[in-house]
Amino acid sequence: MAFSRVILPALALASAVLAQNNDVCDGPSITIVTSGDAAKIAGCETYDGDIIIDPTAQGIIAINGVQQITGDFTCINATQVTAITSDQINTIQGTWHLERLTIMSNLQFDSLTGVNNIEWIALPALQSLNFAQGIQRANSVIISNTQLTNIDGIELTAVGTLNVNNNNYLTDVNVNDLKNITSALSFSANGRDLAISFPNLEQAANLTFRNVSKIDMPSLSSVAGDMGFYSDTFKSFTAPNLTQTGGSLAFVDSPSLTSFAFPSLQTIGGGFLVANNTNLKAINGLPKLATIIGALDFAGTFNSVTMNKLTDVRGGSNVQTTSTNTTICDLFNSAHSNGVIKGVNTCLTSKANPETNPSATSGGTSSTSTSSSSSSNAAVAFGPATPMTGLGALLAAIFFI
Ligand SMILES: *[C@@H]1O[C@H](CO)[C@@H](O)[C@H](O)[C@H]1NC(C)=O
Ligand SMILES: *[C@@H]1O[C@H](CO)[C@@H](O)[C@H](O)[C@H]1NC(C)=O
Ligand SMILES: *[C@@H]1O[C@H](CO)[C@@H](O)[C@H](O)[C@H]1NC(C)=O
Ligand SMILES: *[C@@H]1O[C@H](CO)[C@@H](O)[C@H](O)[C@H]1NC(C)=O
Ligand SMILES: *[C@@H]1O[C@H](CO)[C@@H](O)[C@H](O)[C@H]1NC(C)=O
Ligand SMILES: *[C@@H]1O[C@H](CO)[C@@H](O)[C@H](O)[C@H]1NC(C)=O
Ligand SMILES: *[C@@H]1O[C@H](CO)[C@@H](O)[C@H](O)[C@H]1NC(C)=O
């Protein structure tokens with residue numbers, strides 16, 4: 001092993017000089033059918049162009065010697081390829097596009113640490129990654145329709161977009177070093193028991209979790225975009241350090257959900273949607289939430305709503321629940337008349353089929369206040385932060401303190 005690590009780079013360097021004289025390393029592309037074709041660029045420290053593995057390639061394709069690729073690395077429809085390996089490629093500056101490789105079961109890259117874009121689609125025989133160093137840098141990563149059970153080997157510290165979908169066997173995602181997601185992360189339709197852990201993730205942009213059974217993000221402190229949870233199977237979610245979102249926050253269609261907790265959250269930069277979570281009986285866990293920039297939209301079977309510090313909802317509110325607890329609507333109506341809720345307020349208890357953002361409301365115990373209130377008395381209706389008078393104060397005193 002010492003031989004290949006120490007001697008080979010020296011040989012590669014020597015032949016790179018020769019090769020570069022031959023312009024073999026200058027691209028613009030090389031099409032590889034066999035490992036023999038790949039040997040032509042083995043002497044290139046940097047291959048300045050695209051590497052294409054031909055659809056007719058078969059068996060194991062080894063691309064050894066070459067260390068960097070300035071262009072794309074593409075292999076599409078090579079249904080007879082069983083493995084793609086490389087001992088020395090450390091950087092792919094373009095897109096690494098692997099698609100419809102029906103029997104490829106081994107992806108072994110011993111030195112790879114950086115790829116601009118990863119696009120792996122329809123790799124139904126790929127069960128694990130074999131990356132000795134781990135990929136630490138990537139701008140975008142799409143992993144779709146593989147047989148991966150985990151993504152160990154993707155050891156990112158930061159990423160622009162990460163989209164992981166339709167990997168039916170994926171049950172475990174733990175990217176320990178990931179600190180920053182600068183554009184969007186999305187998980188959907190993976191393994192039924194997918195548990196996701198980003199222990200050190202601090203900053204994220206858009207976050208979407210669909211069909212996930214567990215999510216752990218203890219360090220998350222700020223989300224620049226939207227944060228949404230859809231059709232998930234976890235019972236509870238907590239983001240202990242999250243102080244603000246730039247976009248909306250949504251919990252939708254998660255029948256197992258009984259609670260969520262955002263003990264540090266002060267501002268939701270968009271709307272706040274909670275809908276169709278049949279076992280969510282109390283909407284609380286938002287002890288510091290003061291501002292919702294968009295609309296508030298709650299539909300479900302919840303019996304209580306508690307937001308002690310809420311002072312400003314820029315949009316309207318729609319609240320519909322099967323519960324008979326009319327106090328919920330007393331609360332929202334007074335928040336509207338106190339100017340906390342700026343837009344139209346619709347609140348319905350005893351509603352058989354609670355609806356989000358209804359165009360027309362019918363049935364249930366209607367309690368709607370749609371007039372715009374005078375804004376001079378923008379007092380607190382959901383909490384005791386400032387002194388209040390009248391119904392708002394009474395309700396706050398009785399139900400929220
Ligand atoms: C791959 O195969 C699909 C369907 O068989 C075809 O539509 C597509 O054009 C092929 N792409 C390439 C790059 O060969
Ligand atoms: C995340 O990335 C953004 C944009 O590149 C940067 O401003 C921010 O400091 C980074 N945060 C962390 C925790 O690394
Ligand atoms: C979040 O996604 C939306 C819609 O795709 C996009 O407009 C927005 O820029 C994203 N936010 C961030 C912070 O990347
Ligand atoms: C994921 O959730 C969607 C609804 O958001 C549902 O239609 C789909 O069947 C679910 N997929 C899996 C694999 O659970
Ligand atoms: C939460 O935030 C506090 C204060 O910024 C910090 O000291 C603590 O380490 C964070 N917790 C986690 C799990 O990151
Ligand atoms: C809630 O469920 C109802 C009935 O299945 C559906 O019509 C509605 O679109 C769902 N709402 C959301 C926000 O998913
Ligand atoms: C009714 O709703 C109020 C406000 O959320 C809450 O404090 C109270 O506990 C609820 N009552 C019942 C019986 O759930």
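The values are calculated or read from the model by the stated rules, or taken from the named source; none is laboratory data. From a predicted model like this one, the values you see are computed outputs, not experimental measurements. Note that we place each Cβ from the backbone using ideal geometry, even for glycine, and neighbour counts take in every protein chain shown. Quick note on the areas: whole protein, heavy atoms, side chains included, nothing else; ligands and nucleic acids left out. Shrake-Rupley method; radii C 1.70, N 1.55, O 1.52, S 1.80 Å.
Observations, loosely collected:
- Spatial separation of Cα centroids for segment 166-237 and segment 119-139, in angstrom: 18
- Segment 128-178: C-alpha gyration tensor shape, a/c 1.5 cut-off, then a/b vs b/c: oblate
- Label point distance in nm, Asp37-Asn325, each placed 7 Å from Cα along Cα→Cβ: 6.7
- Computed from the Cβ-Cβ distance with R0 of 45 Å, the FRET efficiency linking Arg314 to Asp152 stands at 0.55.
- Among the listed pairs Lys179/Lys309; Lys179/Lys235; Lys309/Lys342; Lys281/Lys309; Lys281/Lys351; Lys288/Lys342, those beyond 23 Å (Cα-Cα): Lys179/Lys309; Lys179/Lys235
- Share of carbon and sulfur in the accessible heavy-atom surface of segment 20-138 [1.4 Å probe, %]: 44
- Using θ = phi - 60° and Karplus 6.51 cos²θ - 1.76 cosθ + 1.60, couplings along segment 262-279 (whole Hz; Gly, Pro as x): 10, x, 10, 6, 10, 9, 9, x, x, x, 10, 10, 10, 8, 6, 9, 5, 9
- Local electrostatic count, Gly271, Cβ distance below 15 Å [Lys/Arg +1, Asp/Glu -1]: -1
- Each Lys or Arg adds one and each Asp or Glu takes one away; over the other residues whose Cβ falls under 11 Å from the Cβ of Thr149, this sums to -3.
- Under 5 Å between amide hydrogens, built in the peptide plane, is the criterion, and for Trp96 it picks out Phe73, Asn117, Ile118, Glu119 among residues at least 5 positions away or on other chains.
- Euclidean distance of C-alpha centroids, segment 44-82 and segment 249-297, integer Å: 47
- Residue-normalised accessible area of segment 142-218, expressed per residue, 1.4 Å probe, Å²: 39
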